[in-house]
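The values are calculated or read from the model by the stated rules, or taken from the named source; none is laboratory data. If you're wondering where the values come from, they're calculated on a predicted model, not measured in any experiment. So basically every Cβ, Gly included, is an ideal-geometry build from the backbone, and we count neighbours across all protein chains shown. Ligands, DNA and RNA are stripped out before the accessible areas are found, and what is left, the full protein with its side chains, is counted by its heavy atoms. Shrake-Rupley method; radii C 1.70, N 1.55, O 1.52, S 1.80 Å.
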Amino acid sequence: MAETSTTPVAPGQVPAHVAIIMDGNGRWAKSRGLPRLEGHRRGVETVRTTTFAARDLGVKVLTLYAFSVENWKRPQDEVGGLMSLLEYYLKKELTTFVRDRVRFRTIGRTADLPANIQKLLQDTIEATKQFTDYTLVLALNYGARTEVVDAAHAYAAAVAAGRENLNDDSWSSFNRYLSTADLPDPDLVIRTSGETRISNFLLLQAAYAEFVFTPTLWPDFTKADLAAAIADYNRRERRFGLTSEQLKPAPAR
Ligand code: IPE
Ligand code: IPE
Ligand code: MG
């Protein structure tokens, strides 16, 4: 997977996999004198609109960073509020996903989420697993370092069981143990709210991704903002270690 997903993309092509660090809900609420949770509530609406905006624009996989392993350290009422919103979102979206043929899946340690949420996640994944055209991935209790540790454990267990060869140093073998094993690498990573950091998101998978940072706060993020980020992506040349000349087709003789 990793090898195929790092094939250079011709200019003008839509990124197959867009990943978004949805940030700025708290600041959106604060600037209006509202509780932080109100910002998260509006953020859920943006999740809805962006899911369909990305598909309209030709994206095949959309990954949304919804809750990090570090976010548990937020005040308890905010964490509880986020879990309730997730429950509300999943209950409401299941029929929409089935109707609109959206394959739903998750990355992250979902086994640590409340039991009712785990059940809803499983039901949604199960009900949408037959769809192939468009995938929405929610990163929940996700952290890239945690993911690497989990993958290293699984890989070590596979070596011990004789299913992997310790001398195999190919990325594609190790990649199978990441939670994104069957997904292409993200082509474009967007972060809203003006922060220019990656915050433990898809560190390995984004090795050759293009990054777009926008000052727009997540609740205000629109289809036009997504289209602008994709247009920005299209103006760039992804070289994957090669020279610019190597990527240009040889002139006709
Ligand atoms: C992103 O918005 C949502 C989550 C991380 C769950 P924030 O809640 O981080 O918003 P800011 O950064 O405080 O504005
Ligand atoms: C990153 O946002 C996590 C999610 C978007 C879920 P944070 O707001 O938690 O990131 P930091 O703490 O500002 O780096
Ligand atoms: Mg934030």
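Applying the condition of being outside any strand (DSSP E or B) and within 13 Å of ligand 2 (Cβ to nearest atom) to segment 52-74 and asking which residue is nearest to Glu126 (Cα to Cα) yields Val69.
Hey, any hits in segment 55-69 for a residue that's β-branched (Val, Ile, Thr), farther than 23 Å from Asn200 by Cα and away from ligand 3 (no atom under 15 Å from the Cβ)? The answer is yes; a qualifying residue exists.
Within segment 189-210, residues that are farther than 19 Å from Leu138 by Cα have Cβ atoms under 7 Å from residues that are surrounded by 16 or more Cβ atoms within 10 Å (Cβ to Cβ) and among the polar types (S, T, N, Q) in these pairs: Tyr208/Thr6, counting only partners at least 6 apart in sequence or on another chain. Being open to solvent by 30 Å² or more (accessible area, probe 1.4 Å), at pLDDT 95 or above, touching a Ser or Thr at 6+ places or on another chain (Cβ under 6 Å) and away from ligand 1 (no atom under 11 Å from the Cβ): is that true of Arg103 here? For Arg103, the condition - open to solvent by 30 Å² or more (accessible area, probe 1.4 Å), at pLDDT 95 or above, touching a Ser or Thr at 6+ places or on another chain (Cβ under 6 Å) and away from ligand 1 (no atom under 11 Å from the Cβ) - is met. From the list Gly58, Gly24, the one residue that fits, being away from ligand 1 (no atom under 14 Å from the Cβ), at pLDDT 95 or above and closer than 18 Å to Thr222 by Cβ, is Gly58. A single entry from Val79, Val44 fulfils the requirement of being in contact with a helix residue (DSSP H, G or I) (Cβ under 9 Å, 6 or more places away or on another chain), closer than 18 Å to Lys223 by Cβ and not in a strand (DSSP E or B): Val44. Residues in segment 136-158 that are of a type in the set (Gly, Ala, Ser) and either under 16 Å from the mean Cα position of the chain (by Cα) or exposed (fewer than 13 other Cβ atoms within 10 Å of the Cβ) (or both): Ala139, Gly143, Ala144, Ala152, Ala157. Residues considered: Thr180, Thr192. Of these, the only one that is touching a helix residue (DSSP H, G or I) at 6+ places or on another chain (Cβ under 9 Å), within 15 Å of Leu64 (Cα to Cα), of a type in the set (Ser, Thr, Tyr) and within 16 Å of ligand 3 (Cβ to nearest atom) is Thr192.
For Lys91, the requirement of being more than 16 Å from ligand 2 (Cβ to nearest atom) and either of a type in the set (A, V, I, L, M, F, W, C) or open to solvent by 60 Å² or more (accessible area, probe 1.4 Å) (or both) is met.
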